[in-house]
Every structure is written in C-alpha cells, then in structure tokens.
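Undergrad: Next up is a structure, given as structure tokens.
The values are calculated or read from the model by the stated rules, or taken from the named source; none is laboratory data. Everything numeric in this text was worked out from a predicted model, so none of it was measured. We place every Cβ from the backbone using ideal geometry, glycine too, and count neighbours over all the protein chains shown. Quick note on the areas: whole protein, heavy atoms, side chains included, nothing else; ligands and nucleic acids left out. Shrake-Rupley method; radii C 1.70, N 1.55, O 1.52, S 1.80 Å.
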Amino acid sequence: MIDKVAGILLNPKFVNFANNTKYTVSTESIFKATGRPAAIMLDNHVDKDTRKYAATKEGLYQALCLGIYLTMIPFVFQKYGFKLAQKILKGDSSLPAFKNAAEYLNYAKLAKMDIKDRKGHKLLAKISDTLKSSPEENLTLKEHLLSDKKPPEFPTAKGAIELSNLVGTVIGLAWIASELSNYILHPIMRGLGFEKPKNISEN
Amino acid sequence: MKDLTPFQKNFKNLCTYLGKNNKALYGALTIAASKGILRPTFTMMDKKQELNSRKYTAFREAFTGAVAFVAYLITDNLVGRGAKYIAEKTNHIPELPKMKSTLSLISVSLTALFVIPAICNAGTKPLMNAVLGDKKTQQKNPVSKVNFQGAYPAYHFNDFYNHGMKIGGL
C-alpha cells in the first residue's frame, strides 16, 4: 500500500506539475474559488443574502488573485523589483548586472545542473557572453558555468526576486485584488440576479 | 568594490537571507497574514452592502486568514514528517524533496478545499457573536423597561389576547 502511495507521489508527471509554481498556484486558487464559496453557501448560521454576498465576493476575489498572480507578479513586480534591487546594489558583486530577472533565473537553473549537462544546454544561449560578477573578475559567468563544478549561485540575486515576489504578492493579492473586487462585485451580483438594481442601503 | 551605505547593507542582508533560506512557507504566512488584515478592511469599506453582511464577510475573511496561517504551519510540519516516513519505508530517501513537493501540493489543496472552509463554517458565527455580541439573542429576550408610572406596564388593547384566563384555543 505504502509503495503505491510512493509511486503516486513520485510519478514524473505529478512531480513536474508540483514543481511548477504556476500550476500549483492555479490549482490552489481553483480549489479556493470553488470550495470556499460552496462552503459559505452551506453556512446556515447567516441569512441567504449575506451568504450570496460573501460567496460571490470570495469566488470573485480568488479569480482576481489568480489573474493578478499570473500576470502582474512576474511581468511587473518581479521585473521592476529586480531592476530596483540592481540599482540599489549597483557595483556590488553579490548582484551582477544581469539583463533581467529571467536571465538570472536561467543562470541559476544551469548552475544547479551537473557540469556535463550544462554544456550544450539550450538555456546557455540565453546567458550573456560578456557578463562578469565584477570588473576585476577574470572569467565571465558563462565561462564559470562551463568550467566550474559549482559556479557562484548569487543568493542575493535570488533573494531580490523572492523579495519582489513577496512584496508584489502582498500588494497585488491583499490590496489591489481586494479594492478591485469592491468595484466590480455589485455589477456582477446584479448580473447574476443576486442583487436587485438600486437595492442599496447605507449603514 | 565600493562601500555600501547602511541602507544598502541592510537591503543586501535581507536579500541574501531570503536567497539562502528560501522557504515557501514564509511567503504563504506573509500572504495569509496580509490578506487576513487587508481583506476585511476593504470589505468594511464597501458601503453598497448592508452592514451585517459586511460584518459577517469581513469577520469570515479575517478568520480565514488566521485559520490559514495556523493550517499552513501545521501542514508544513506534517508534510515534512509524512514524506520522510514514506521515503524511509519505501527506500526513496534520495527522492525525498520530490516526494515532499507532491505531498505538499495534495495537502495544501485539500486544506484549502475542505479543512479551512469547514473550520470557518463551524467557527465564524459563534466567534463573531462572542466578539461582537449576539444582537439576535438580545432581541429575543428583551429586558423589561422600567415603568415609572407603576409596578405594571400600561395596559394596551393589543395585549387583550395575551392576558387573563383563556377559554378555547385562541
């Protein structure tokens, strides 16, 4: 029995799926967007209108979160957060002048591979030929990848991306998605027939 | 290499720490905490909705954030132990990180789909009543008003059917 469980957990397709952040976040968001509103509608402690409001808000919020996570986080926060970190630490060898966060992520993927696997890898073409960690350095980063068993990993660069993602997630998911859902929630509720037009009461 | 200012040093230390100690759990906890604070705030600002609905929704959102925070801590711990146990029993120790990632996805998904909503359903309203006060219960058992005109409240015709001896089934 336990061997079967191990077999499922180590299924290559499943492992690839679980290691892809986009897939995992999407899966969790879909579960949240369906499970939470369903649970709210089952909460008999409150009246039906309140349940409809809370459930629609939850479903809409989770859908917005997924959209923001897949678009704004990598293309806005990660991109500009990394650039800002490079500006702050300009000239410091801990954060070399990678073109962008994507170039560093490609470099990091290659640095984790065995040296024999790096040679001829398609990602190698995406690393600059002239980039060095500092002007005093003799070898370029590409040469390090091709000659060193353990090339420099630049944890500061990785941390700059983590920090950008974290800040972006808080701003995007906790703030922007909440504010956006307030704006579009009521038109959507009216569209779904959960709210009568002009049935607004100020409290 | 140039000298770094105190701000640059702190920034570098923070980035290096995050780069070396990258745990998905930190992100999940930060997000749960920030959602638990900001979401209810924005919900209470939605003036187009009736106050009691807003209160329930905001309370539920804050409670969900708190439950999620604790659930992520517990899940992370249990997944680590569970994956290690399975890996040891089936001689897959080198593949422990892979096992941990798949088991983590399953447990986080199940927690998000069933555990957190179930806890919120069971706990939101009772906890809300305990924190904000149960107005419905108070309305059901109104405290008698003090009557300065005598020991008994003034008689109204509407009370005719509710007082005195009744014959038959009114």
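Undergrad: Do we have any residue at all in segment A:142-153 that's among the small types (Gly, Ala, Ser), open to solvent by 60 Å² or more (accessible area, probe 1.4 Å) and not in a helix (DSSP H, G or I)? Talk me through it step by step, then tell me what you get.
TA: At the first step, the residues of segment A:142-153 found to be among the small types (Gly, Ala, Ser) are A:147.
Going one step further and asking which of them are open to solvent by 60 Å² or more (accessible area, probe 1.4 Å), we end up with A:147.
Still in the list and also not in a helix (DSSP H, G or I): none.
The answer is no, given that none of the residues of segment A:142-153 is among the small types (Gly, Ala, Ser), open to solvent by 60 Å² or more (accessible area, probe 1.4 Å) and not in a helix (DSSP H, G or I).
Undergrad: Additional query: Could you please find all residues in segment A:13-43 being part of a helix (DSSP H, G or I), at the interface with another protein chain (Cβ under 9 Å from one of its Cβ atoms) and over 28 Å from B:ALA62 (Cα atoms)?
TA: Listed by number, the residues that qualify are A:PHE14, A:VAL15, A:PHE17, A:ALA18.
Undergrad: Also, quick follow-up: Looking at (1) within 14 Å of another protein chain (Cβ to nearest Cβ); (2) on the phi > 0 side of the Ramachandran plot, which is the one condition that is false for A:GLY120?
TA: Only one criterion is unmet by A:GLY120, namely (1).
Undergrad: Quick one: A:PRO197 ticks every box in (1) in contact (Cβ under 8 Å) with a residue 24 or more places away in the chain; (2) more than 11 Å from every other protein chain (Cβ to nearest Cβ); (3) within 30 Å of A:GLU58 (Cβ to Cβ) bar one, so which box is it?
TA: The failed condition is (1).
Undergrad: If you check A:LEU95, A:LEU110, A:LEU64, which single one turns out to be in contact (Cβ under 8 Å) with a residue 24 or more places away in the chain and in contact with a His (Cβ under 7 Å, 6 or more places away or on another chain)?
TA: Details: A:LEU95 fails: in contact with a His (Cβ under 7 Å, 6 or more places away or on another chain); A:LEU64 fails: in contact with a His (Cβ under 7 Å, 6 or more places away or on another chain).
Of A:LEU95, A:LEU110, A:LEU64, the one residue that is in contact (Cβ under 8 Å) with a residue 24 or more places away in the chain and in contact with a His (Cβ under 7 Å, 6 or more places away or on another chain) is A:LEU110.
Undergrad: Can you tell me which condition A:TRP175 does not meet? The list is (1) facing chain B (nearest Cβ under 9 Å); (2) assigned to a loop (DSSP other than H, G, I, E, B); (3) open to solvent by 50 Å² or more (accessible area, probe 1.4 Å), and all the others hold.
TA: Result: A:TRP175 passes all but (2).
Undergrad: Can you tell me how many residues in segment A:60-97 are within 10 Å of chain B (Cβ to nearest Cβ), small (Gly, Ala, Ser) and either outside any helix (DSSP H, G or I) or touching a Gly at 6+ places or on another chain (Cβ under 6 Å) (or both)?
TA: The number of residues fulfilling the criteria is 3.
Undergrad: What helices (runs of 4 or more DSSP H) completely inside segment B:1-89 contain at least 1 residues that are closer than 30 Å to A:GLU58 by Cα and facing chain A (nearest Cβ under 8 Å)?
TA: B:24-44, B:51-89
Undergrad: So, in segment A:12-48, how many residues would count as being free of Cβ contacts under 8 Å to residues at least 12 places away in the same chain and over 27 Å from the mean Cα position of the chain (by Cα)?
TA: 7
Condition check ((1) at pLDDT 95 or above; (2) in contact with a Leu (Cβ under 7 Å, 6 or more places away or on another chain); (3) among the polar types (S, T, N, Q); (4) open to solvent by 70 Å² or more (accessible area, probe 1.4 Å)) across all residues:
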position	(1), (2), (3), (4)
A:THR24	no, yes, yes, no
A:ILE30	no, no, no, yes
A:THR34	no, no, yes, yes
A:ASP43	no, no, no, no
A:THR50	no, no, yes, no
A:LEU70	no, no, no, no
A:ILE73	no, no, no, no
